[in-house]
Number of protein chains: 2
Amino acid sequence: MFLYGESKEMMFHVAGLLLFTRPSRTHPDHLRHLMDDLREGHPTVHPPWNLRLRTPDLLRNPLQSWVEADDVDLEYHVRRTALPSPGDERELGIVVSRLHGHHIDFHRPPWELHLIENLDHDRFAIYVKVHHALVDGFTAMRLLVNALSTDPEDRDRPLFFSIPQPERPPREPTAQEPGGLHFPELLATVRAQYGTTKTVLRALAKVLQGEDDLVTPRQAPKCIINARISRSRRFATQILQIDRLKAVARAVGGTLNDAILAVSSASLRRYLLEIDALPADPLVAMVPVAVRAKDDAGGGNAVGAILASLATHQADPARRIAEIVASTKHAKQQLQGMSKAAILSYSALLLAPSMLQTVPGIAGRIKPTYNVVISNVPGPDHALYFRGAQLEAAYPMSIPIHGQALNITCNSYAGRMCFGFTGCRDTLPHMQRLAVFAGEALGELERAVL
Amino acid sequence: MFLYGESKEMMFHVAGLLLFTRPSRTHPDHLRHLMDDLREGHPTVHPPWNLRLRTPDLLRNPLQSWVEADDVDLEYHVRRTALPSPGDERELGIVVSRLHGHHIDFHRPPWELHLIENLDHDRFAIYVKVHHALVDGFTAMRLLVNALSTDPEDRDRPLFFSIPQPERPPREPTAQEPGGLHFPELLATVRAQYGTTKTVLRALAKVLQGEDDLVTPRQAPKCIINARISRSRRFATQILQIDRLKAVARAVGGTLNDAILAVSSASLRRYLLEIDALPADPLVAMVPVAVRAKDDAGGGNAVGAILASLATHQADPARRIAEIVASTKHAKQQLQGMSKAAILSYSALLLAPSMLQTVPGIAGRIKPTYNVVISNVPGPDHALYFRGAQLEAAYPMSIPIHGQALNITCNSYAGRMCFGFTGCRDTLPHMQRLAVFAGEALGELERAVL
């Protein structure tokens, strides 16, 4: 599915942006030395990082499969790059936005790692891009983070591709994993269940004709976010203390996820107001969730999605978050009352418009059932290190598609929530404001509800 | 034609890489200030730099045309980038190779300018990429160079796109211009005369059947250079004193161009020997030339091409250059005895295989009539400046196509010849050696013939 949809504008790769603080004892050119090590050491590249497509010139080949590459050219896959002066977060944002806007070369294993130097305050960054057809974003972030060390004295840690995986990473979240998943995974899971677009359309028709006992999704208002996208990307980040988010959530009887939605909502409202593009009706967020279905005795999680009102019509922060909490509570109750099969049908119904975006001609021309996807995936809660450098933040970068020019994904790490805003540069001008406003939104919420 | 051929692997953009020495009085962050000026000054973007395609999603539209863009987003087109440490020519080569391997966005005016900082010895670089369908390489380099100043005290020089052109730059070299042209221009001119590929094929068949009084081109040997290409590029540069090249040429009764061919030949021979890929028969170079046809009373130049043996089978440098001189003399005599029409027919015959490379399925699977294109275009012979920074070198970057994985193009500037080796990264491993060997080849030739 992700290969089928790939086009000049829609690129189905995900990425992680990791920021590190360089330990004082290391040489300023340590990233260069790391590259030299790689060149000279000829490290083994373990699956899945050594897999490439069998027919890269025919992405949509029904007999498409993964084959082991004879030789992985690490000088291609691992690259050095530098930030222009002054090397601040703004320049980092510009550079990774550009990197995220370049296509993956399908003639090689579809991943790239960029070592980014000249970041201020003695820091450096690692940007890892991987095509979603090889590894989903959830798994990629986990593999990336698992490849780091909990020990600051561990100075020989290999890069993630040289760490053998016990098995091919599973494509679906399992019950062992904490709840939460990224939008592309949800799309893939539903697609795997429903098969072709035609089948999805039939299911959709059935639901709309009232033959199925499901709630028809509410209509999302028209918004600039739901336009066709161009090839260019913009990425912006924000990092917030989880304790602060939780305190706000507790004060209004909501969850951490509600606080994330409220921060995102405040930011979107202010951003859209400033460019005179705020719809009169509240924006609708699609939130991927993993829930326990009522008929599942095994305790496994079903993959689902809820629609939540972001209450962006509300100027008052306290009333806004209250409406968000009410909306998500209602949606989750609805989902929990369903069988596993019904949850999937419902999710398919919600996702049908997004799946149709991969059909040429339809892309970007369907009325949205939601305006924006907001995902929240738990990560490690303790500090991690790469060769003595402490991981400061791990931001997820996701996939804008036609009709969904913005994606908000959060990963938690060591007590902080790392927000990644991935968008289309041309559809959403000055998108970095979203990140700035999200930071200010938390303070506003605290003043309103604490 | 250049839009028709555009694909994931074949990108018909050309570029210029300009190296500057920063004057001692300027601030180290002057490039950043230049960007700030651009952002705040909202400079006018003059034709052709404000033109975009009418139907960018349908490149091959027969009704394709250029339209003025409503708004040129200079923050997109003008970018800053920085070299990783140590900021030497090797890192510069890596960065511009990557930039050259990215597609142009046809939804915008198809050009980009990159200000490259952190180049060692107080230098910086400007990389300008433009799609050949908008402006040919010859004209682009001229516009770029003309936008510079002859006065080191001129500190307000606008960038090239803000300098009004008297008219749309002509697509064909005129008699006023010094001889020499780039390969893509030759291809375009011949194509314009011959129309469709079918017509070219008919002309080709006619010649091969002996109905036309033309010499059938010699067969070039099989060589790794003439393989299909991938998406990745590698760029390498060399700069040589023109006086030294001319002295070598004089000593063997040849031209400056012969010396350029001899340097290229020595480099190719050594490079191919090292990777055990030197053909037993001599490599054949295609050299675009502008010659005076015997039937042209107006004194205009005809656009043509000669095939020259590079004598790469000769281990002895003196014998090698002697054979090259004999080969180009013979080819030029042949061309000068032809009518203007015949010169064009002959060029079409030579170029037919390259034109067929743009036909899907045929690309990269035709036996070459030549192995490599070597172009030499005269540039300004005096020093130029951009806001006080002296232009040190101006390297041309050209277009590898399927079957022609390497292109060698030279521009002269202020007494020096700037060689640009543009190649496919995967077809030609460690291509930067070609540039190193070219530098050493000149000394070898001097020792052999002076």
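A compact table of results
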{"item": "Identity of the residue in region B:97-108, open to solvent by less than 10 Å² (accessible area, probe 1.4 Å) and within 16 Å of B:Asp426 (Cα to Cα), that ends up farthest from the other protein chains (Cβ to nearest Cβ)", "result": "B:His100"}
{"item": "Lone qualifier among A:Thr422, A:Thr409 - being touching a Gly at 6+ places or on another chain (Cβ under 8 Å), of a type in the set (Ser, Thr, Tyr), open to solvent by less than 10 Å² (accessible area, probe 1.4 Å) and away from chain B (no Cβ under 14 Å)", "result": "A:Thr409"}
{"item": "Filter result (open to solvent by 40 Å² or more (accessible area, probe 1.4 Å), farther than 30 Å from B:Asp57 by Cβ and out of contact with any helix residue (DSSP H, G or I) (no Cβ under 7 Å at 6 or more places or on another chain)) within region A:31-58", "result": "A:Arg32, A:His33, A:Asp36, A:Asp37, A:Glu40, A:Gly41, A:His42, A:Pro47"}
{"item": "Breaking point among (1) within 11 Å of chain A (Cβ to nearest Cβ); (2) open to solvent by 40 Å² or more (accessible area, probe 1.4 Å), for B:Glu91", "result": "(2)"}
{"item": "Number of positions in region B:425-450 that are surrounded by 24 or more Cβ atoms within 10 Å (Cβ to Cβ) and polar (S, T, N, Q)", "result": "0"}
{"item": "Members of region B:61-83 that are outside any strand (DSSP E or B), away from chain A (no Cβ under 14 Å) and either surrounded by 18 or more Cβ atoms within 10 Å (Cβ to Cβ) or not small (Gly, Ala, Ser) (or both)", "result": "B:Asn61, B:Pro62, B:Leu63, B:Gln64"}
{"item": "Filter result (surrounded by fewer than 19 Cβ atoms within 10 Å (Cβ to Cβ), within 27 Å of A:Ser398 (Cα to Cα) and within 14 Å of chain B (Cβ to nearest Cβ)) within region A:4-30", "result": "A:Ser7, A:Lys8"}
{"item": "Qualifying positions in region A:109-147 - at pLDDT below 90 and either within 11 Å of chain B (Cβ to nearest Cβ) or part of a loop (DSSP other than H, G, I, E, B) (or both)", "result": "A:His132, A:Ala133, A:Leu134, A:Val135, A:Asp136, A:Ala147"}
{"item": "Lone qualifier among A:Ala448, A:Ala405 - being among the hydrophobic types (A, V, I, L, M, F, W, C) and more than 25 Å from A:Ala247 (Cα to Cα)", "result": "A:Ala405"}
{"item": "Hits in region B:84-108 - residues which are touching a Phe, Trp or Tyr at 6+ places or on another chain (Cβ under 9 Å) and part of a loop (DSSP other than H, G, I, E, B)", "result": "B:Ile104, B:Asp105, B:Arg108"}
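Every residue, every condition in (1) modelled with pLDDT under 90; (2) surrounded by fewer than 16 Cβ atoms within 10 Å (Cβ to Cβ); (3) out of contact with any Gly (no Cβ under 6 Å at 6 or more places or on another chain), yes or no:
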{"site": "B:Pro217", "(1), (2), (3)": "yes, no, yes"}
{"site": "B:Arg228", "(1), (2), (3)": "yes, no, no"}
{"site": "B:Gln238", "(1), (2), (3)": "no, no, no"}
{"site": "B:Leu261", "(1), (2), (3)": "no, no, yes"}
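The values are calculated or read from the model by the stated rules, or taken from the named source; none is laboratory data. Computed from a predicted model, the values in this text were never measured in an experiment. Quick reminder, even Gly has a Cβ in these numbers, built from the backbone with ideal geometry, and neighbours come from all protein chains shown. Note: areas computed on protein heavy atoms with side chains; ligands, DNA, RNA excluded. Shrake-Rupley method; radii C 1.70, N 1.55, O 1.52, S 1.80 Å.
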